[in-house]
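Single-structure report; data block below.
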Amino acid sequence: MKYNYLFRSDILNREEAFELLKEYVKEDSLIKHSLAVESSMIAYAKYFDEDIEKWSISGLLHDIDFEMCPEEHPYKGIEILRDKGIGEDIIHAIKGHGSKEEERNSLMAKTLYAIDELSSFVVASALVRPTKFEGLKPKSVKKKLKTKSFAAAVDRDQIKESSQDLEMDFNEHLNIVIEGLKNREEELNKEGLSLL
Ligand SMILES: [Fe+2]
Ligand SMILES: [Fe+2]
């Protein structure tokens, strides 16, 4: 009798997830985006008192298929992750970030959808400042959001609506993301990585 499936890991650990990401993603910009989204998910896992490693992995792997097959995103990624034994809670969140129409029935899914574009937008806001994340406030990010020519491809409505769906005050939402990115940048620098 085969009981092997019983011992199949429900989840990769964070380092295994990062190695998996690097197998599929070679572009530096997408690695940075994945790390930024991970940073915000870690910050929110702490805020909501949720499982930090699971939330971290959902952020890290949400765009795993985007470079390889953007037209099948995120569904190809879901196949890859199911094959690795990633739990259905993470799969649901990753599926949910793919489009407006997908269901987002969990806090993890709503959070991932609310911080995906926003995380890279905050990184872009930090990049044009001499002190980068240091001293970056929700007010300056809001100003950038109002400046249509800045990071013009970012969908402002999606950022607003998804934060409402998460039932977060917008200032508080920005604060959590900014602080999460800032703290994670310090940690990543020690590993020779950067969000910037
Ligand atoms: Fe995506
Ligand atoms: Fe993304």
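Computed values, structure above
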| quantity | calculated |
| --- | --- |
| Selection within the range 150-189 - exposed (fewer than 14 other Cβ atoms within 10 Å of the Cβ) and either in contact with a Gly (Cβ under 9 Å, 6 or more places away or on another chain) or in a loop (DSSP other than H, G, I, E, B) (or both) | Ala152, Ala153, Asp155, Glu167, Asp169 |
| Meets criteria (closer than 23 Å to Glu15 by Cβ and either assigned to a loop (DSSP other than H, G, I, E, B) or aromatic (Phe, Trp, Tyr) (or both)) for Ile90 | no |
| Some residue of the range 107-128 being assigned to a loop (DSSP other than H, G, I, E, B), more than 21 Å from Leu35 (Cβ to Cβ) and either more than 14 Å from ligand 1 (Cβ to nearest atom) or not polar (S, T, N, Q) (or both) | no |
| Pairs where the first residue, in the range 112-139, is closer than 18 Å to Tyr44 by Cβ and modelled with pLDDT under 95 and the second is assigned to a loop (DSSP other than H, G, I, E, B) and among the polar types (S, T, N, Q), C-beta under 6 Å, 6+ apart | none |
| Pick from the range 65-78, criterion of a type in the set (A, V, I, L, M, F, W, C) and more than 10 Å from ligand 2 (Cβ to nearest atom), ranking: surrounded by the fewest Cβ atoms within 10 Å (Cβ to Cβ) | Cys69 |
| Condition met for Thr131 (within 16 Å of ligand 1 (Cβ to nearest atom) and not aromatic (Phe, Trp, Tyr)) | no |
| Filter result for the condition that a residue is more than 16 Å from the chain's Cα centre (by Cα), more than 14 Å from ligand 1 (Cβ to nearest atom) and not aliphatic (A, V, I, L, M), over Glu79, Glu102, Glu72 | Glu79 |
| Residue in the range 14-65 that is nearest to the chain's Cα centre (by Cα), counting only those that are outside any helix (DSSP H, G or I) and within 19 Å of Thr111 (Cβ to Cβ) | His62 |
| Any hit, the range 101-109, residues being closer than 28 Å to Lys160 by Cα, out of contact with any strand residue (DSSP E or B) (no Cβ under 6 Å at 6 or more places or on another chain), within 16 Å of ligand 2 (Cβ to nearest atom) and charged (D, E, K, R) | yes |
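For every residue, the table says whether it meets (1) away from ligand 2 (no atom under 16 Å from the Cβ); (2) under 30 Å from Ala152 (Cβ atoms); (3) in contact with a Pro (Cβ under 6 Å, 6 or more places away or on another chain).
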position	(1), (2), (3)
Phe48	yes, no, no
Lys54	yes, no, no
Gly59	no, yes, no
Ile80	no, no, no
Ile86	yes, no, no
Ile91	no, no, no
Gly98	no, yes, yes
Leu112	no, yes, no
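The values are calculated or read from the model by the stated rules, or taken from the named source; none is laboratory data. Given the structure is predicted, the values throughout are model-derived calculations rather than measurements. Cβ sites come from the backbone with ideal geometry, for glycine too, and all protein chains shown count toward neighbours.
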